[in-house]
Amino acid sequence: MPRSPALPRVALKRGSERTLLNGHPWVYSGAVERAPEVPAGTVVDVVDHRGRFVLRGQVNPRAGIRVRALTWDPGERIDAEFLRRRLAAALRLRQQAGLRAQTDALRLVHGEADGLPGLVVDEYAGYLVVQVHTAGMETLRAPLLDELWRLCAPRGIYERSDVGTRRVEGLRDRPVGLLRGMPPPALIPIREHGVRLFVDVYHGQKTGFFLDQRDNRLLVRRLARGQRVLNVFAYTGAFSAHALHGGAARTLDVDIAVNGLPAARCNLEANSSPGARWDYVVANAFSFLESLAERGPCFDVVVVDPPALLRKQEQLEHALGVYTKLNRNALRLVRSGGLLVTASCSARVSAEDFFQVIRHAAVGAGTRLRVQWTSHEPPDHPIDPAFPEGRYLKCVAARVAR
C-alpha cells in the first residue's frame, strides 16, 4: 500500500472512535482530545487514543463539527484524482437510477452521501449550480470546478453559496455568480415527468428549485383530474403546475416569497389547460391557512410543504406543535374523501415524529385519515445508513373522512 505524506493528526478521546469506524462522517468537537493549530480546511488524519488511524478528513478548528471525513483508507490521498473518483461515482449512481428518462434536472452531488461533505451540485438542463457549504470544500474549489467541467461538460457552472452554514464554518463571504461557461438564462426551462417547468437559479431558494419533491409532484398530478387544489408554501407553484398538467379544474397557490412569482406564473401558464383556473396569493402561508380554515372553502387536494421549522434539537417540541397546528388547519380545508399531501424537510423531525403530528392533527380537526402513500428522498438524494442525519424528507398523502 502506498504511503501518504505525514499529515497533521487529530487525536480522539477514548471510545470516541466507535461511530466513526462504523462510517459516520462527522467528528464533533467534544470527541477531540488534541488537535493541531492549522488553517480551516486542512487535511488531517484522525487517530484514536492509542494513535491508530481512524479516518482522513478536513479539520475546522472553529466549528462544532471539527472534522468532516473524506476517506477511511489510510493510503488514499486527497487530490484531484480523489475528487475525480468521487464525482465520477456520484454521476454513475444517478445514471444507474435511470433518472434521465424522467427529468433533465437532478442533484448530481449530495454532500456526505456522495463522500464530498459540504458540496451540493444540481443540474438544470445542462447548467450546473454549485453550493460550497464548508471551509474544507472551499479549499478544494479549484480542482472541484476543473473536474466538474471535465466530467459533466455543462453549458455553464453557476455558484449559489449564499448559505448560512458558511458563517458557522467561519466563512464570511457568500459567493454567487458565474464560474465557467455560459450564463444561465433568467428562467431555465426544465422537464419533469413530462411537465415543463422554469427555474430561477439567480434569485430562487436553495439552488433555484426543490428537486427532492419530484415524485410527490407526480403523485399529485396523477390524482388531480377535475380537482380543486390548494398549494400552501407554493414557492414557484410546481405542485400546482403538475396538478394543472394532470387536468385540475382550479389551483390556488400561497407563498410569502415574492421572488418566486416570475417562475410561478410561467409554470402555471405553461401547464394550464383551457377552462382551468389558477390563482397565486402572496401572503404569510401560516396565517393565511389559519384564516381560510375558519371560513373555507374546502378543496379536493391540499398540499402543505413548509420550509424546515427547526435548526436545533431544543426547538423540536415547539416545531412539532407548529407542524400539528399547520396540518390541523389544512385538514379542516379538505373535503370528505379528499386528499392531504403534507411534508416535512426538517431533519430533526423523525418519520415517527411526523406520523404522530399527523395523527394529532387529525384528532384536532375532527377527521379520520387513511394514509395511502409515504415517501422520502428520491434517488438523486441518496442516504448513507451510517449517516442518519442525511434523512430529512418525509411526505405523507392521506385520504380524509369526516
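The values are calculated or read from the model by the stated rules, or taken from the named source; none is laboratory data. This structure is a prediction, so every number in the text was calculated from the model and none was measured. Backbone-built Cβ (ideal geometry, glycine too); neighbour counts: all protein chains shown.
In this structure, does Ala224 turn out to be touching a residue at least 60 places away in the same chain (Cβ under 8 Å), surrounded by 23 or more Cβ atoms within 10 Å (Cβ to Cβ) and under 21 Å from Arg332 (Cα atoms)? Spelling it out, Ala224 is indeed touching a residue at least 60 places away in the same chain (Cβ under 8 Å), surrounded by 23 or more Cβ atoms within 10 Å (Cβ to Cβ) and under 21 Å from Arg332 (Cα atoms).
Within the stretch 269-296, restricting attention to residues that are within 26 Å of Arg328 (Cα to Cα) and either assigned to a loop (DSSP other than H, G, I, E, B) or of a type in the set (Val, Ile, Thr) (or both), which residue is modelled with the lowest pLDDT? Among them, the one singled out is Gly296. The set of residues from the stretch 150-164 being more than 22 Å from Ala80 (Cβ to Cβ) and without any contact (Cβ under 8 Å) to a residue 40 or more places away in the chain comprises Arg155, Asp162, Val163, Gly164. Among the conditions (1) aliphatic (A, V, I, L, M); (2) farther than 28 Å from Arg56 by Cβ; (3) crowded, with 22+ Cβ neighbours inside 10 Å, the only one that Ala153 does not satisfy is (3). Being on the phi > 0 side of the Ramachandran plot and hydrophobic (A, V, I, L, M, F, W, C) narrows it down to one of Phe198, Phe210, Phe233, so name that one. So the residue among Phe198, Phe210, Phe233 that is on the phi > 0 side of the Ramachandran plot and hydrophobic (A, V, I, L, M, F, W, C) is Phe233.
Within the stretch 339-386, the set of residues being buried (at least 20 other Cβ atoms within 10 Å of the Cβ), hydrophobic (A, V, I, L, M, F, W, C) and part of a loop (DSSP other than H, G, I, E, B) comprises Val349 only.
Only residues that are surrounded by fewer than 20 Cβ atoms within 10 Å (Cβ to Cβ) and more than 18 Å from Arg166 (Cα to Cα) were counted in the stretch 48-77, giving 13. Could you please let me know if Leu320 is crowded, with 20+ Cβ neighbours inside 10 Å, more than 16 Å from the chain's Cα centre (by Cα) and not in a loop (DSSP other than H, G, I, E, B)? Spelling it out, Leu320 is indeed crowded, with 20+ Cβ neighbours inside 10 Å, more than 16 Å from the chain's Cα centre (by Cα) and not in a loop (DSSP other than H, G, I, E, B). Taken together, Asp212, Asp279 contain a single residue that is of a type in the set (D, E, K, R) and over 22 Å from the mean Cα position of the chain (by Cα), which is Asp279.
Looking across Ala264, Ala224, Ala234, Ala243, one residue alone is closer than 23 Å to Thr374 by Cβ and part of a helix (DSSP H, G or I). It is Ala243. Scanning the stretch 278-300 for residues that are surrounded by fewer than 13 Cβ atoms within 10 Å (Cβ to Cβ) and either touching a Gly at 6+ places or on another chain (Cβ under 7 Å) or among the charged types (D, E, K, R) (or both) yields a count of 3. Within the stretch 174-201, the set of residues being within 20 Å of Leu219 (Cα to Cα) and basic (Lys, Arg) comprises Arg191, Arg196.
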